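Data first, discussion second: the structure below is written as C-alpha cells.
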Amino acid sequence: METGKKLVVLLAVVMMMGIESSRALSLCKMSDAGLEACKPYVTQDAPNTAAPSAQCCKALAGADLQCLCGYKGSPMLKAFGIDPDLALALPAKCNPPIAVPCS
C-alpha cells in the first residue's frame, strides 16, 4: 500500500508540474485544474506570497484534507519543488480560512 501511495504522489506531482496527460488525474478529491490553481503558492521558489486565488481555495474547500495530510512527509514533494510547509499553510490563507486536520 505504501508503494501505491508513492505512485499516486508521483503522478500528481508530475501532473502539477505541467506535463500534459491524456486523462485527468485527481488527488484527494482535487482535480488537475485545482492542483494547477494552487501550484504557484506551494513551490519552493513561490514568488506569489499573496492570498491564494479563489480557484485554489475552491479546490481546497472540496478536497479531502485528511488525505492530503498523509503526503506531508513525502520526500517526493520536495524533489519536485513543492514545499510541504507552504502546502500545509495554504488553506489557512483562504478567506474564509479552511481548517487543516493534520496533526
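The values are calculated or read from the model by the stated rules, or taken from the named source; none is laboratory data. Owing to the predicted nature of the structure, the values given are computational and were not obtained by experimental measurement. Note: ideal-geometry Cβ built from the backbone for every residue, glycine included; neighbour counts use all protein chains shown. Surface accessibility is based on the protein's heavy atoms, side chains included, excluding ligands, DNA and RNA. Shrake-Rupley method; radii C 1.70, N 1.55, O 1.52, S 1.80 Å.
Are there any pairs, at least 6 apart or on different chains, whose C-beta atoms fall under 9 Å, with the first in the stretch 66-92 and farther than 14 Å from Cys56 by Cβ and the second part of a helix (DSSP H, G or I) and open to solvent by 70 Å² or more (accessible area, probe 1.4 Å), and if so, which?
These pairs meet every condition: Gly70/Lys5; Tyr71/Lys5; Lys72/Asp85; Ser74/Lys5; Ser74/Lys6; Met76/Lys6; Pro84/Lys78.
Within the stretch 61-82, work out how many residues are closer than 16 Å to Leu35 by Cβ and modelled with pLDDT under 85.
Total meeting the criteria: 8.
If I filter the stretch 58-100 down to residues being of a type in the set (A, V, I, L, M, F, W, C), under 18 Å from Lys29 (Cβ atoms) and part of a loop (DSSP other than H, G, I, E, B), which single residue comes out as most open to solvent (accessible area, probe 1.4 Å)?
Applying the filter and picking the extreme gives Ala99.
Taking only pairs six or more apart or across chains, which ones have beta-carbon atoms under 6 Å, a first residue in the stretch 45-57 that is part of a helix (DSSP H, G or I), and a second residue that is of a type outside the set (Phe, Trp, Tyr) and at pLDDT 85 or above?
Listed by first residue and then by second, the contacts come to Gln55/Ala37; Cys56/Ala37; Cys56/Cys38; Cys57/Cys94.
Hey, does the stretch 11-27 have a residue that's part of a loop (DSSP other than H, G, I, E, B), open to solvent by less than 60 Å² (accessible area, probe 1.4 Å) and modelled with pLDDT under 90? If you could, list the steps in order and put the result at the bottom.
Looking only at the stretch 11-27, we keep the residues that are part of a loop (DSSP other than H, G, I, E, B), and these are 17-25.
From what is left, the residues that are open to solvent by less than 60 Å² (accessible area, probe 1.4 Å) are 18, 25.
So of that shortlist, the ones also modelled with pLDDT under 90 come out as 18, 25.
Taking every residue of the stretch 11-27 in turn, at least one turns out to be part of a loop (DSSP other than H, G, I, E, B), open to solvent by less than 60 Å² (accessible area, probe 1.4 Å) and modelled with pLDDT under 90.
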